[in-house]
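*Asks:* I have a structure here, written as structure tokens, and I will follow up with some questions on it.
The values are calculated or read from the model by the stated rules, or taken from the named source; none is laboratory data. Since this is a predicted model, take the numbers as computed values, not measurements. When we count neighbours, we look across all protein chains shown, and the Cβ atoms used for this are built from the backbone with ideal geometry, even at glycine. Just so you know, the surface numbers come from the protein's heavy atoms only, side chains and all, with ligands and any DNA or RNA stripped out. Shrake-Rupley method; radii C 1.70, N 1.55, O 1.52, S 1.80 Å.
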Amino acid sequence: MQAPPGRSVTSKVLALLDAFSPAAPALTLTELARRADLPLPTASRRVAELVAWGALERGDDGRYRIGLRLWEVGSLAPRGLRLRELALPIMEDLYEVTHENVQLAVRQDLELVFIERIAGRHAVPVLTRVGGRFALHATGVGLVLLACAPTEVQEQVLAAPLERYTELTITDPRRLRRRLAEVRRLGYAVSDRQVTLDALSVAAPIRAADGTVVAAISLVVAHDRADPVALAPLVQAAGRAISRALGTAYGPQG
């Protein structure tokens with residue numbers, strides 16, 4: 001198998017790292033080469049370099065996994081590390097009041113990335129994980145981030161096929177456009193059984209000092225015991241508290 005012409009060493013290394021996923025966290029060298037579309041000798045050389053640097057680790061079973069060195073570097077991403085540090089005490093307060101799942105997410109292009117989560121001991125199970133990506137149109141945090149995103153981002157999402165997770169997921173662009181307008185008007189979003197049929201989420205924006213929405217926070221609760229109207233003020237208060245913390249930390253944007 002020949003690699004496509006013009007691929008740089010960097011693109012090959014990134015392809016190897018991109019081969020891993022939540023469904024495939026451990027891969028053999030052959031699997032890595034196939035997923036990265038690289039000849040086996042090339043994959044072997046690049047993987048050896050990644051292991052030496054610490055980006056990959058080789059287990060006793062011969063399979064490769066993401067190494068701690070890569071996690072250390074990734075944790076330095078400013079939108080993740082500092083925001084998590086400022087938000088976590090407020091997320092913990094929200095958890096103590098509700099004992100429900102609390103989530104923190106940012107937008108990355110046309111998806112969202114969860115950067116922190118507190119799981120309630122007896123709360124409804126959720127599909128999310130820290131570092132995991134998800135579509136913007138279905139979750140509470142996603143609806144907030146999409147509603148407050150630049151117009152061109154909204155139009156790209158609305159123009160693309162909208163994945164259906166349950167029969168209640170909004171996949172009609174016109175309905176989604178109306179929902180986004182409602183989120184902007186209310187200042188919070190409700191995602192009612194759009195991801196799983198047993199869960200409802202209520203989310204609110206987190207703003208930088210200049211008013212730009214940079215993240216979203218949500219509570220995810222069991223649908224049968226959820227009262228979105230009662231939960232919304234708690235989530236909004238948490239969002240405002242994190243926003244104030246961000247403003248204090250960074251000040252107005254120049």
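*Asks:* For the stretch 88-173, calculate the relative contact order in percent as a whole number, restricting contacts to Cα pairs under 8 Å that are 6 or more residues apart.
*Replies:* With pairs under 8 Å counted, the relative contact order is 21 percent.
*Asks:* Counting Lys and Arg as +1 and Asp and Glu as -1, what is the net charge of the other residues whose Cβ lies under 14 Å from the Cβ of residue 33?
*Replies:* +4
*Asks:* Run lengths n ≥ 4 of DSSP H only: what is the helix-derived mean residue ellipticity at 222 nm for the chain, with -39500 (n - 2.57) per run over all residues, to the nearest 500?
*Replies:* The helix-only estimate for the chain comes to -14000 deg cm²/dmol at 222 nm.
*Asks:* Could you check how much of the accessible area of the chain is carbon and sulfur, as a whole percent, using a 1.4 Å probe?
*Replies:* 54 percent
*Asks:* Pick the calculated semi-axes √(5λ) of the Cα gyration tensor in Å for this structure from (1) 32, 19, 18; (2) 41, 21, 16; (3) 36, 21, 19?
*Replies:* The value computed from this structure is option (3).
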